[in-house]
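**Student:** Sending over a structure as structure tokens; questions will come in a sec.
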Amino acid sequence: MGPWTHRHVLDLAAFSLEDYATVLELAQRFRVMPVAGARKLPALQGRLMTSLFFEPSTRTRSSFELAAKRLSADVQNFAPSSSSLSKGESLLDTARTYVAMGADLLVVRHRCAGVPQSLAEQLDQAGERVAVLNAGDGLHSHPSQGLLDLFTLARHFAPEAPSPEALRGKRIVIVGDILHSRVARSNLWALTACGARVVLCGPPTLLPEAFAVFVAAPPPGQVLDPVPERGRVELVRSLEEALPGADAVMTLRLQQERMHQHLLTGLESYHARYGLSHQRLELCGRPVPVLHPGPVNRGVEMTGELLDDQTVSLVEEQVRNGIPVRMALLYLLAGVTAA
Ligand code: ASP
């Protein structure tokens, strides 16, 4: 495993190939750890993880919580509606209150892009030794989801030794509401870093042309890309063009809460053009797995039959893999903050 240098995990744009390899290797160790008997490792005993979720979450929050508990950390949850935020307390002051109570790891979700980063910067400036993990900020980034998707794909292609290498040259199709998806953005950084060929598919309103060059320039705020050579990104408008030759297909939720204009003519016509079904997947020319970060709109992004078909759908596997991947992140960051 390479040396780990990140104090916070805010955006996968900052990850090198060695960083991905480290997370996957550690996640695999946690994933195959025997679950019978001692389900807990003592690694984070005496450390405190605090979740600050300003946006709803089912999977991410519970998965971080379980990951922390499996490493024997203490866990604290912040509920915005019953907090002093409603009395006008600033977000930074709220965070500092939890740091004063001993938080070592802050897991932050917010509907505005950049909030976890700015919290991390302000806490660093204040000399606090706390690590910030971005659990989803607006449209910007969802690093732990990108990593668990990568881990799920790497385990699919190389079950015994999932590594970035397992993705090299694979054709991964991402279909749907790319514009509003922080998951798609994180996946773009992760998959291209590992040398996958990413095919983005969606209507122009949900997939602007600019995504073709999303990973072409150095990541925002960085002079150099930490990954010297990335896999190609291609944009196509129809599944008929996207699916032939695919090695895996990921579909994304239509993020209607983030759509401020009418970007679709209707859910039925969307499903007719971009919805996945067993029949449609035949276009791939061979059996391929399907991923979705959840929550799924059954019958919109994919049929219920496809979602429930465990021989094709990796959706539950993604949920299972979220725990060891988040254990890996907590473990690595706790190591840095302890140093
Ligand atoms: N759960 C993921 C997220 O928080 C995907 C979604 O909500 O559609 O971004």
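The values are calculated or read from the model by the stated rules, or taken from the named source; none is laboratory data. Note that this is a predicted model, so its numbers are computed, not measured. For neighbour counting, all protein chains shown are included, and Cβ atoms are generated from backbone atoms with ideal geometry for every residue, glycine included. For accessibility, only protein heavy atoms count, side chains too; no ligands or nucleic acids. Shrake-Rupley method; radii C 1.70, N 1.55, O 1.52, S 1.80 Å.
**Student:** Please state which one of ARG47, ARG61 is touching an Asp or Glu at 6+ places or on another chain (Cβ under 7 Å) and at pLDDT 95 or above.
**Tutor:** ARG47
**Student:** Tell me which residues, restricted to segment 211-238, are exposed (fewer than 12 other Cβ atoms within 10 Å of the Cβ) and touching a Ser or Thr at 6+ places or on another chain (Cβ under 8 Å).
**Tutor:** Listed by number, the list is empty, since nothing qualifies.
**Student:** Looking at segment 47-60, can you tell me whether even one residue there is open to solvent by 30 Å² or more (accessible area, probe 1.4 Å) and free of Cβ contacts under 8 Å to residues at least 40 places away in the same chain?
**Tutor:** yes
**Student:** When the residues of segment 165-185 are filtered to those that are part of a loop (DSSP other than H, G, I, E, B) and within 16 Å of the ligand (Cβ to nearest atom), which remaining residue is farthest from ARG253 (Cα to Cα)?
**Tutor:** Across segment 165-185, the extreme among qualifying residues is LEU179.
**Student:** It is to be established whether one or more residues within segment 219-226 are in a loop (DSSP other than H, G, I, E, B) and modelled with pLDDT of 95 or more.
**Tutor:** Scanning segment 219-226 turns up no residue that is in a loop (DSSP other than H, G, I, E, B) and modelled with pLDDT of 95 or more.
**Student:** Something else now. For ALA120, are the conditions met, namely being part of a helix (DSSP H, G or I), more than 18 Å from ALA210 (Cα to Cα), more than 16 Å from the ligand (Cβ to nearest atom) and open to solvent by less than 10 Å² (accessible area, probe 1.4 Å)?
**Tutor:** yes
**Student:** Follow-up. State whether one or more residues within segment 64-72 are under 22 Å from SER181 (Cβ atoms), surrounded by fewer than 17 Cβ atoms within 10 Å (Cβ to Cβ) and within 16 Å of the ligand (Cβ to nearest atom).
**Tutor:** Checked against the condition, which is being under 22 Å from SER181 (Cβ atoms), surrounded by fewer than 17 Cβ atoms within 10 Å (Cβ to Cβ) and within 16 Å of the ligand (Cβ to nearest atom), segment 64-72 yields no hits at all.
**Student:** Return the residues of segment 123-141 that are open to solvent by less than 10 Å² (accessible area, probe 1.4 Å) and either under 15 Å from ALA14 (Cβ atoms) or within 10 Å of the ligand (Cβ to nearest atom) (or both); say none if nothing qualifies.
**Tutor:** ALA131, VAL132, LEU133, ASN134, ALA135, GLY136, ASP137, GLY138, SER141
**Student:** Which residue, of LEU206, LEU188, LEU147, is within 16 Å of the ligand (Cβ to nearest atom), free of Cβ contacts under 8 Å to residues at least 60 places away in the same chain, in a helix (DSSP H, G or I) and among the hydrophobic types (A, V, I, L, M, F, W, C)?
**Tutor:** Only one candidate qualifies: LEU188.
**Student:** Could I ask something else about it? Which residues, counting only those in segment 297-319, are within 16 Å of the ligand (Cβ to nearest atom), surrounded by 15 or more Cβ atoms within 10 Å (Cβ to Cβ) and assigned to a helix (DSSP H, G or I)?
**Tutor:** LEU307, VAL315, GLU317, GLN318, VAL319
**Student:** Between a first residue in segment 234-253 that is more than 16 Å from PRO204 (Cα to Cα) and a second residue that is away from the ligand (no atom under 16 Å from the Cβ) and of a type in the set (Asp, Glu), which pairs have beta carbons less than 9 Å apart while being 6 or more apart in sequence or on different chains?
**Tutor:** These pairs meet every condition: LEU243/GLU282.
**Student:** Are any residues in segment 20-44 modelled with pLDDT of 90 or more and either under 17 Å from ASP74 (Cβ atoms) or within 16 Å of the ligand (Cβ to nearest atom) (or both), and if so, which ones?
**Tutor:** LEU41, PRO42, ALA43, LEU44
Condition check ((1) surrounded by 14 or more Cβ atoms within 10 Å (Cβ to Cβ); (2) at pLDDT 90 or above) across all residues:
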position	(1), (2)
ALA246	yes, yes
GLU257	no, no
HIS260	no, no
LEU276	yes, yes
GLN279	no, yes
VAL288	yes, yes
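**Student:** Pick from THR251, THR265: which is within 20 Å of the chain's Cα centre (by Cα) and either closer than 25 Å to VAL315 by Cβ or surrounded by fewer than 20 Cβ atoms within 10 Å (Cβ to Cβ) (or both)?
**Tutor:** THR251
**Student:** Take the residues in segment 83-102 that are aliphatic (A, V, I, L, M) and surrounded by 13 or more Cβ atoms within 10 Å (Cβ to Cβ), then tell me which one is modelled with the lowest pLDDT.
**Tutor:** Once the filter is applied, the top-ranked residue is LEU85.
**Student:** Can you go through GLY335, GLY294, GLY322 and tell me which one is within 14 Å of the ligand (Cβ to nearest atom), closer than 30 Å to ASP74 by Cβ and modelled with pLDDT under 95?
**Tutor:** Step by step, each of GLY335, GLY294, GLY322 is checked, and only GLY294 is within 14 Å of the ligand (Cβ to nearest atom), closer than 30 Å to ASP74 by Cβ and modelled with pLDDT under 95.
A quick yes/no check of all residues on (1) of a type outside the set (S, T, N, Q); (2) open to solvent by 10 Å² or more (accessible area, probe 1.4 Å):
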site	(1), (2)
HIS156	yes, yes
GLU160	yes, yes
PRO164	yes, yes
ARG168	yes, yes
SER181	no, no
GLY202	yes, no
GLU209	yes, yes
